[in-house]
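Each value in this text was obtained by applying a stated rule to the coordinates, not by laboratory testing. Quick caveat: nothing in here was measured; it's all calculated off a predicted structure. Here the Cβ positions follow ideal geometry from the backbone for every residue, glycine too, while neighbour counts run over all protein chains shown.
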């Protein structure tokens with residue numbers, strides 16, 4: 001093998017190693033994005049459940065328990081707590097996603 005061939009061979013090996021690392025990095029990044037997507041979908045499900053609880057509560061307040069069973073006080077407190085906790089999580093996640101968008 002000529003010096004030029006040996007140098008090219010070294011370059012090819014180095015590039016291939018770099019490509020393998022990049023591919024592994026991409027797979028890890030995609031896995032993180034999938035987890036972020038799953039988190040957003042899960043949060044959407046929680047939002048839907050909370051909206052349903054609010055509607056049921058409003059119906060009970062407006063028309064009494066005959067129309068819709070009023071939620072227990074501890075259930076209402078738990079939903080309120082979950083809502084407040086989700087607000088912080090929501091802002092952090094969406095800010096991180098917005099930062100990613102700047103790189104695209």
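If I fit a long axis through the Cα atoms of helix 3-63 and take the longest principal axis of the Cα atoms of the chain, what angle between them do I get, 0 to 90°, rounded to 10?
Tilt of helix 3-63: around 0 degrees.
Using alpha-carbon pairs under 8 Å, 6+ residues apart, how would you state the relative contact order of the stretch 3-101 in percent?
Values: 20 pairs, mean separation 14.0, N = 99.
Once divided by the residue count of the stretch 3-101, the mean separation gives 14 percent.
If R₀ is 30 angstrom, what is the calculated FRET efficiency for the pair residue 10 and residue 97, using the beta carbon separation as r and rounding to 0.05?
The pair residue 10/residue 97 has a calculated efficiency of 0.15.
Can you tell me the Rg and Dmax of the chain, counting just the alpha carbons, in angstroms?
When restricted to the Cα atoms of the chain, Rg and Dmax are 26.1, 91 Å.
Could you work out how far helix 73-101 tilts from the main Cα principal axis of the chain, as a 0 to 90 degree angle to the nearest 10?
So the inclination is approximately 30 degrees.
For labels at residue 49 and residue 27 in the simple 7 Å Cα→Cβ model, what's the distance in nm?
Here the answer is 3.4 nm between the modelled labels.
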